[in-house]
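What follows is a set of notes on a single structure, which appears directly below.
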């Protein structure tokens, strides 16, 4: 199978490239390196792997056969999409359109990387795929939330109108190696602060919840979804819910840090709760996460230390 991975030099995209190569695929990795990094793929020395530096919001073409398009190109952390709001909207709209057009022209399947952020600040808990969400389209986070909601709508339109065989994965908070320590998400931020001996900054009173999935579990779920006959969205996430204050304490234990915990103002439109209902993934994919948060955090901290990114 020959696969195009847009955003392939990003955090999740690079892990996908590794997994696909390990499962016998040829991989074309495409990334404009706006938030991705060559460091994430530099270790890949495989003749079946090709890297193309390119912005997928432009006309998209790939030489040779193509069996699958995995559209993962997008800023994904709050710091990134708040600094790059127009680029985020463009890759979710124009980039998705170009990826769909390429898949249609080549008779390839397409898998869209969507997000739990399509649920916004949810009024239904836990979040199931048939919940339509509670998103502020004109708030600062709306550039990411609505880009992904549009991308889902465009993908389903291509499926219904053109018969494109498509998949949509709604990714819940994922963590692991290759996350930038400065990307603004909770786990790398807490790890960076803890290993530097700085106070861990928890926003609000820390009671807002998240559900954290280790990247290897997510990639395994994506692989299963690629081969499953399901076109509607599927949640992939860890149903183990915890508060951000609890997460901060887990990070302190994983790092052995004695840092204090301090509190800051809650960001605008920050979701109060987040927990996936993964009943559909269990039924359709036979999938559920197996890496507990304690183990995943230990692996992640060890990677940062081994990679020389922290003291």
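The values are calculated or read from the model by the stated rules, or taken from the named source; none is laboratory data. The structure presented is a predicted model; accordingly, all values stated were derived computationally and were not measured. Cβ placement follows ideal geometry from the backbone for every residue including glycine, while neighbour counts extend to all protein chains displayed.
Please report, ordered by residue number, the strands (runs of 3 or more DSSP E) entirely within the range 194-260 with at least 1 residues that are in contact with a strand residue (DSSP E or B) (Cβ under 7 Å, 6 or more places away or on another chain) and farther than 30 Å from residue 160 by Cβ. Outline the logic, then answer.
Details: elements: 200-203, 209-211, 233-236, 241-243.
Filter on the range 194-260 gives 200-203, 209-211, 241-243.
Do you know which residues across the range 126-148 are touching a strand residue (DSSP E or B) at 6+ places or on another chain (Cβ under 8 Å) and under 28 Å from residue 107 (Cα atoms)?
Answer for the range 126-148, where residues must be touching a strand residue (DSSP E or B) at 6+ places or on another chain (Cβ under 8 Å) and under 28 Å from residue 107 (Cα atoms): 129, 148.
Can you tell me which residue within the range 105-125, out of those that are part of a helix (DSSP H, G or I) and in contact (Cβ under 8 Å) with a residue 24 or more places away in the chain, is surrounded by the most Cβ atoms within 10 Å (Cβ to Cβ)? Break it down into steps so the answer makes sense when it comes.
Within the range 105-125, the subset part of a helix (DSSP H, G or I) is 105-106, 116-119.
Adding the requirement that they be in contact (Cβ under 8 Å) with a residue 24 or more places away in the chain leaves 106, 116-119.
On the way: 106: 19, 116: 25, 117: 26, 118: 25, 119: 28.
Here the answer is 119.
Return the only residue of 179, 156 being touching a residue at least 12 places away in the same chain (Cβ under 8 Å) and touching a helix residue (DSSP H, G or I) at 6+ places or on another chain (Cβ under 7 Å).
Result of the check over 179, 156: 179.
Going residue by residue through the range 289-304, is there one that turns out to be farther than 23 Å from residue 14 by Cβ and either at pLDDT below 95 or assigned to a helix (DSSP H, G or I) (or both)? First the steps, then the outcome.
The first filter runs over the range 289-304 and keeps only residues farther than 23 Å from residue 14 by Cβ, leaving 292, 294.
From the residues that got through so far, the ones that are either at pLDDT below 95 or assigned to a helix (DSSP H, G or I) (or both) too are 294.
Yes, that holds for at least one residue.
Give, as residue ranges, the strands (runs of 3 or more DSSP E) completely inside the range 1-104 that count at least 2 residues that are surrounded by 20 or more Cβ atoms within 10 Å (Cβ to Cβ) and within 18 Å of the chain's Cα centre (by Cα). Full working, then the answer.
Values: elements: 2-6, 26-31, 49-53, 68-71.
The strands (runs of 3 or more DSSP E) meeting that bar are 2-6, 26-31, 68-71.
Restricting to the range 200-214, name every residue that is surrounded by fewer than 16 Cβ atoms within 10 Å (Cβ to Cβ) and within 22 Å of the chain's Cα centre (by Cα).
203
Any chance you could count how many residues in the range 264-284 are at pLDDT 95 or above, touching a strand residue (DSSP E or B) at 6+ places or on another chain (Cβ under 7 Å) and either farther than 24 Å from residue 121 by Cβ or assigned to a strand (DSSP E or B) (or both)?
Summing the residues that are at pLDDT 95 or above, touching a strand residue (DSSP E or B) at 6+ places or on another chain (Cβ under 7 Å) and either farther than 24 Å from residue 121 by Cβ or assigned to a strand (DSSP E or B) (or both) in the range 264-284 gives 2.
Restricting to the range 147-172, name every residue that is over 28 Å from residue 85 (Cα atoms) and part of a helix (DSSP H, G or I). Lay out the reasoning, then the answer.
As a first pass, look at the range 147-172 and keep what is over 28 Å from residue 85 (Cα atoms): 160-165.
160, 161, 162 - these are the residues of the range 147-172 that are over 28 Å from residue 85 (Cα atoms) and part of a helix (DSSP H, G or I).
Among the residues of the range 44-67, is there at least one that is under 18 Å from residue 215 (Cβ atoms) and modelled with pLDDT of 95 or more? Give the derivation first.
Just the residues of the range 44-67 that are under 18 Å from residue 215 (Cβ atoms), to begin with: 44.
Then drop every residue that is not modelled with pLDDT of 95 or more, which leaves 44.
The answer is yes, given that some residue of the range 44-67 is under 18 Å from residue 215 (Cβ atoms) and modelled with pLDDT of 95 or more.
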